[in-house]
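The values are calculated or read from the model by the stated rules, or taken from the named source; none is laboratory data. Quantities reported herein were computed from a predicted structural model and do not represent experimental measurements. With ideal geometry, Cβ positions are generated from the backbone for all residues, glycine too; neighbour counts draw on all protein chains shown.
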Amino acid sequence: MIRKLLEACFRHKLLLLVAPVLIPGIVTPIALLTAPTAFDTTTTIWVDHPAYLSYQDGTSPWVTPSGNHKGRLTELLHTRAFEADVATRTSLAPLVGTPVGEQRIDDLIVRSVTLANPGDHLLVVAVSAPTARLSYELCTALVAAYQEKSEADQADQTNLAVSYYQGRIAEADQQVTKTGQDLRRYLATKAANSDPTASLDPNSMGSIPAALLDPKLAALQASAQQAQSDVNNARGAQLAAQRDAAAAAQGQQLGWQILDAARVPSAPTRQLRKILVYPVAAAVAGLGLSGVLLVLFVAADRSARGETDLTPGLRLLGVVPTLGLKRVPKHLRGVATRRAIGAAAGMALPAAPGSR
């Protein structure tokens with residue numbers, strides 16, 4: 001079978017090469033002429049984490065700053081809310097709010113936005129759109145929406161932390177008031193009963209003799225001290241949260257700097273990467289067509305090349321030997337095999353009458 005395939009391939013090589021050469025030759029110029037043009041807008045941003053500000057912004061310390069922002073922005077681009085926020089800042093705002101319009105916005109943003117981080121601190125946002133205005137609007141709106149989203153998330157986390165610690169401070173203050181009232185009430189009761197420890201100051205928490213004489217008084221004093229300690233801890237945590245929030249806000253401003261601002265593109269560019277798909281597909285289709293033709297040629301070839309190819313019952317008259325000729329002159333290569341077979345056949349025939 002392999003021998004038949006090779007023989008058919010060399011026998012019909014010109015016909016088999018027509019499809020892989022002709023089809024890409026026709027498709028490539030058409031793809032170049034009909035390829036859509038697009039306007040590209042690029043902005044470059046320097047992202048970093050300030051070294052002299054200690055705060056937590058939720059990013060992984062094992063990933064580069066540009067990688068963190070690229071991953072977060074990529075995730076946001078897969079949400080309808082963020083896409084709608086970007087679209088409302090551009091001329092696509094009328095499409096927001098309708099299923100068909102939001103689907104169009106999603107298709108446009110997915111096809112047009114490209115993110116790259118060539119370095120640890122460099123983030124490149126590129127947008128390719130059908131018009132120069134839309135390309136510029138999408139690029140600037142995307143950066144602005146992401147920056148506002150980051151600031152809003154940071155502010156929400158700050159407000160949540162501050163409100164949480166304010167609640168803890170309020171609860172601790174109530175506990176301080178309650179323990180103080182209990183302590184004063186107990187001392188007043190002891191004073192009414194003419195107890196020698198009743199003259200002690202209720203705010204004196206270090207009265208060791210009184211605590212040794214009265215275990216209940218010691219328990220009330222310990223509760224009051226614990227309540228005051230809880231208030232101090234809650235206030236310290238609130239101040240630390242406010243300090244970290246202020247540091248994070250300053251760090252975000254310093255760690256997000258636009259180096260190359262977006263500009264309105266002046267000339268369109270052709271999408272060469274998309275154009276290359278059509279010639280490659282045409283070449284694959286041509287090779288597939290040549291393969292189909294080769295199989296058809298082999299299937300239609302009924303010639304016998306050996307005794308195994310003959311149908312049972314047929315009589316074999318002779319076998320043409322395979323000749324391996326060496327060092328044949330170039331001008332005789334086309335007829336060398338035929339002449340060699342003719343010479344061998346002539347020598348096998350009986351001599352003619354009267355010949356010597």
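Return the residue satisfying two criteria in turn: it lies in segment 1-42 and is β-branched (Val, Ile, Thr) and out of contact with any Phe, Trp or Tyr (no Cβ under 9 Å at 6 or more places or on another chain), and of such residues it is modelled with the highest pLDDT.
Step one: list which residues in segment 1-42 are β-branched (Val, Ile, Thr), which gives 2, 18, 21, 23, 26-28, 30, 34, 37, 41-42.
Checking which are out of contact with any Phe, Trp or Tyr (no Cβ under 9 Å at 6 or more places or on another chain) leaves us with 2, 18, 21, 23, 26, 34, 37, 42.
Values: Ile2: 75, Val18: 83, Val21: 86, Ile23: 85, Ile26: 85, Thr34: 73, Thr37: 77, Thr42: 91.
Restricting to residues being β-branched (Val, Ile, Thr) and out of contact with any Phe, Trp or Tyr (no Cβ under 9 Å at 6 or more places or on another chain), the top hit is Thr42.
Within segment 10-35, residues that are touching a residue at least 24 places away in the same chain (Cβ under 8 Å) and over 18 Å from Val292 (Cα atoms) sit with their Cβ atoms under 6 Å from residues that are aliphatic (A, V, I, L, M) and in a helix (DSSP H, G or I), at 6+ positions apart or across chains, in these pairs: Val27/Ala282; Ala31/Ile275; Ala35/Ile275.
Output the number of the condition that Pro118 fails; it satisfies all remaining conditions of (1) surrounded by fewer than 17 Cβ atoms within 10 Å (Cβ to Cβ); (2) out of contact with any strand residue (DSSP E or B) (no Cβ under 9 Å at 6 or more places or on another chain). Status for Pro118: all satisfied but (2).
Given the criteria closer than 30 Å to Glu137 by Cα, at pLDDT 80 or above and exposed (fewer than 11 other Cβ atoms within 10 Å of the Cβ), does Ala262 qualify? Full working, then the answer.
On the way: closer than 30 Å to Glu137 by Cα: yes; at pLDDT 80 or above: yes; exposed (fewer than 11 other Cβ atoms within 10 Å of the Cβ): no.
Taking the combined requirement at face value, the residue does not satisfy it.
Within segment 92-109, the set of residues being within 20 Å of Arg133 (Cβ to Cβ) and either surrounded by fewer than 13 Cβ atoms within 10 Å (Cβ to Cβ) or small (Gly, Ala, Ser) (or both) comprises Ala93, Pro94, Gly101, Asp107. Tell me, please, whether a residue that is more than 30 Å from Ala218 (Cα to Cα) and in a helix (DSSP H, G or I) can be found in segment 165-186. Among the residues of segment 165-186, not one is more than 30 Å from Ala218 (Cα to Cα) and in a helix (DSSP H, G or I), which makes the answer no.
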